[in-house]
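Engineer: Let me begin by handing over the structure; questions about it come next.
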């Protein structure tokens, strides 16, 4: 396949990123654009996927309002997750009719891209059997560093992944991340306290883009 088109929204409200995705889906369906990866960071927001509900919130909505964190129920798979500055979010708008009409395989490809990216920063990342996402070993058990939840409209994908780079992890304690009770959550910075360069969103973006082109070029 040709090199993936990349759109970088920078720091964007969740509503804006969703509008952009909706527009790009239609453009991809009509063949006006190639497969496109949207990258951004979000202002603080909690999204709850199709399998989740209010039970995934461990604090009141009033508490979240005081913290200026909005809650959205969205079409992607999975349960609750949290987005914020310092976390890289990627929305691949890909037409699977030209790749492989297998959503589960697409999820595994996203995991592979993130695992490869983390390995290039010196982090031993891995899948965890029975779960979607990417994990890293920790003294008290595996810690989740990347979250994945997608949807598709006529085989064009949207929603995507989030990778904790250098962000405040405290708000993850206010939800049940991905429906996993007592889940441990980490970030690149928490894993690599000394190597400052690998904790920069710009560096991780470049590596993610390289790995997207490398992984999907073979399909």
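Engineer: Here's a check for you: in segment 85-107, which residue that is surrounded by fewer than 21 Cβ atoms within 10 Å (Cβ to Cβ), over 18 Å from residue 34 (Cβ atoms) and in contact with a strand residue (DSSP E or B) (Cβ under 8 Å, 6 or more places away or on another chain) is modelled with the lowest pLDDT?
Structural biologist: Within segment 85-107, the match that is modelled with the lowest pLDDT is 103.
Engineer: Does residue 157 meet the test of being in contact with a helix residue (DSSP H, G or I) (Cβ under 6 Å, 6 or more places away or on another chain), closer than 30 Å to residue 31 by Cα, buried (at least 18 other Cβ atoms within 10 Å of the Cβ) and touching a residue at least 60 places away in the same chain (Cβ under 8 Å)?
Structural biologist: no
Engineer: Quick check on this structure: which one of 123, 175, 113 is under 30 Å from residue 54 (Cβ atoms) and surrounded by 15 or more Cβ atoms within 10 Å (Cβ to Cβ)?
Structural biologist: Testing whether each residue is under 30 Å from residue 54 (Cβ atoms) and surrounded by 15 or more Cβ atoms within 10 Å (Cβ to Cβ) leaves just 175.
Engineer: Consider residue 19 carefully, then state whether it is part of a helix (DSSP H, G or I), out of contact with any helix residue (DSSP H, G or I) (no Cβ under 7 Å at 6 or more places or on another chain) and surrounded by 17 or more Cβ atoms within 10 Å (Cβ to Cβ).
Structural biologist: Taking the combined requirement at face value, the residue does not satisfy it.
Engineer: Given the structure, is residue 55 touching a residue at least 60 places away in the same chain (Cβ under 8 Å) and surrounded by 15 or more Cβ atoms within 10 Å (Cβ to Cβ)?
Structural biologist: So residue 55 fails the test.
Engineer: Given the criterion at pLDDT 90 or above, closer than 15 Å to residue 8 by Cβ and more than 16 Å from the chain's Cα centre (by Cα), identify the matching residue among 203, 207.
Structural biologist: 203
Engineer: Would it be correct to say that residue 122 is in contact (Cβ under 8 Å) with a residue 24 or more places away in the chain, within 22 Å of residue 212 (Cβ to Cβ), out of contact with any strand residue (DSSP E or B) (no Cβ under 6 Å at 6 or more places or on another chain) and in a loop (DSSP other than H, G, I, E, B)?
Structural biologist: The answer is yes for residue 122.
Engineer: Scan segment 90-117 for residues that are over 14 Å from the mean Cα position of the chain (by Cα), in contact (Cβ under 8 Å) with a residue 60 or more places away in the chain and not in a strand (DSSP E or B) and jot them down.
Structural biologist: 94, 96, 98, 99, 100, 116
Engineer: Kindly check whether there is at least one residue in segment 168-177 that is farther than 20 Å from residue 56 by Cβ and in contact with a helix residue (DSSP H, G or I) (Cβ under 8 Å, 6 or more places away or on another chain).
Structural biologist: No, the conditions are met nowhere in segment 168-177.
Engineer: (1) surrounded by fewer than 18 Cβ atoms within 10 Å (Cβ to Cβ); (2) at pLDDT below 95; (3) closer than 21 Å to residue 185 by Cβ; (4) within 18 Å of the chain's Cα centre (by Cα): which one isn't true of residue 75, the others all being true?
Structural biologist: (3)
The values are calculated or read from the model by the stated rules, or taken from the named source; none is laboratory data. These numbers were taken from a predicted model, which means no experiment stands behind them. Neighbour counts are summed over all protein chains in view; Cβ atoms, including those assigned to glycine, are modelled from backbone coordinates with ideal geometry.
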